[in-house]
Amino acid sequence: MLRLLLSGRNNGRRPDKDRSYCPHDDIYNRLWSILGGPDCARGVRSVEVRLRVLVACEFSGIVRDAFIARGHDAMSCDLLPPESPGPHYTGSVFDILNDGWDMMIAHPPCTHLACSGAAWFEKKKKNGKQQNGIDFFMKLAEASINKICVENPVGIMSSLWRTPDQIIQPYYFGDEYQKTTCLWLKNLLKLKHIKVDDLFDKATHVNKGEMIKYASGKVMPKWYAESRGNGHLRSRTFQGIAKAMAEQWG
Ligand SMILES: C[S@@+](CC[C@H](N)C(=O)[O-])C[C@H]1O[C@@H](n2cnc3c(N)ncnc32)[C@H](O)[C@@H]1O
C-alpha cells in the first residue's frame with residue numbers, strides 16, 4: 001500500500017527531466033530503500049544522463065575515474081601528465097574551460113592560499129604570487145559551468161571570497177586520514193556522510209587515523225608528517241571523497 005502511495009511521487013526524481021536526480025535526505029527515498037525500492041534509493045542506479053565532467057587541476061585521475069566508473073564522460077586536466085591512463089588534457093585548464101562542460105570539480109593550487117603557508121604570506125603578497133593564486137582560484141570558481149565544486153584546504157579564500165559551503169575530512173568517507181578540505185559549491189548539494197549507523201544508513205565515518213605530536217607540542221596527522229617533501233602525495237584526492245562525489249553528484 002505504502003509502495004503504491006509512493007509510486008505516485010515521481011519515482012524519487014524531480015518533475016523536470018533530470019532523471020539522475022536522487023535527493024539524499026528525502027524521507028521518501030529512505031522509505032523506498034527500506035522497501036527495496038528503485039535502484040536510485042539503493043545507490044546503484046544506472047546513469048541515464050551522461051554528464052560531461054571536467055576535473056580541473058588533477059594529475060592523479062582519481063576523481064575522473066570515479067565519474068567514469070559511474071558512466072560519465074569525464075576528463076582530467078593538469079599541466080602535468082596523468083598518473084593513470086584515461087582521458088586527460090595535459091596543459092592549462094583555461095584552454096578548455098569553455099568547452100561546454102556540465103560540471104567541473106576543480107583543485108586549484110593552494111601553495112599561495114593555504115593557511116599552512118601563512119609564514120610566507122607577506123613575501124607572497126609583495127611578489128604578486130598570492131594575487132596570482134587568488135585570480136586563478138576565482139577564474140575557476142566563476143567559470144560559466146552549471147555545476148561547480150572548488151576544493152582547497154583551509155586558507156585565505158574563506159575570508160577573501162566567502163566561507164566554504166562544506167568542510168570535509170577523508171575519514172568521513174571511509175579513508176582513515178585527516179585533511180581538512182573546504183568545498184565551495186555551485187548547484188551541487190553538500191556531500192552526505194553518516195557518523196554512526198542509523199535506521200536508514202550505514203556509517204561512512206571511520207577512524208581518524210594516527211596523529212603525531214612534536215616536542216614543540218604541535219600535533220599533525222601522521223601520514224601528512226611522513227609525506228613532507230612529497231607534494232604529490234599530499235595533494236592527491238582521497239578515493240572515498242572521489243567516490244562520494246561521483247555517486248552523489250553524478
Ligand atoms: C593541489 S594539486 C591538485 C591535485 C589533485 N587533487 C589530484 O589528485 O591530482 C594542484 C594541481 O594544479 C595543477 N595546475 C597548476 N596550474 C594549472 C593550470 N593552469 N592548468 C591546469 N592545472 C594546473 C598543478 O600541476 C597541480 O597538479
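Taking a ≥ b ≥ c as the square roots of the Cα gyration tensor eigenvalues, the stretch 172-218 comes out oblate, since a/c reaches at least 1.5 and a/b does not exceed b/c. Once the Cα-Cα distance is subtracted from the 0.36 nm per residue extended length, the His205 to Lys125 segment shows a gain of 25.0 nm.
Computed over Cα pairs, the Kirkwood radius of the stretch 89-217 leads via Stokes-Einstein (0.692 mPa s, 37 °C) to a diffusion coefficient of 196 µm² per second.
Leu80 to Arg234: FRET efficiency via 1/(1 + (r/R0)^6), r the Cβ-Cβ distance, R0 25 Å, to the nearest 0.05? Approximately 0.95, to the nearest 0.05.
Would the stretch 86-135 count as rounded, prolate or oblate if I go by the C-alpha gyration tensor, calling it rounded below 1.5 in a/c and otherwise prolate when a/b exceeds b/c, oblate otherwise? Prolate is the answer for the stretch 86-135, as a/c is 1.5 or above and a/b outweighs b/c. Between Thr111 and Lys190, what's the calculated FRET efficiency when r is the beta-carbon distance and R0 is 25 Å? Round to 0.05. Working from the Cβ atoms, E equals 0.40. Subtracting the Cα-Cα distance of Ile96 and Arg162 from 0.36 nm times their residue separation leaves 21.2 nm of extension gain.
Read-outs throughout are calculated quantities, based only on the coordinates presented, and are distinct from any laboratory measurement. Quick caveat: nothing in here was measured; it's all calculated off a predicted structure. Neighbour counts are summed over all protein chains in view; Cβ atoms, including those assigned to glycine, are modelled from backbone coordinates with ideal geometry.
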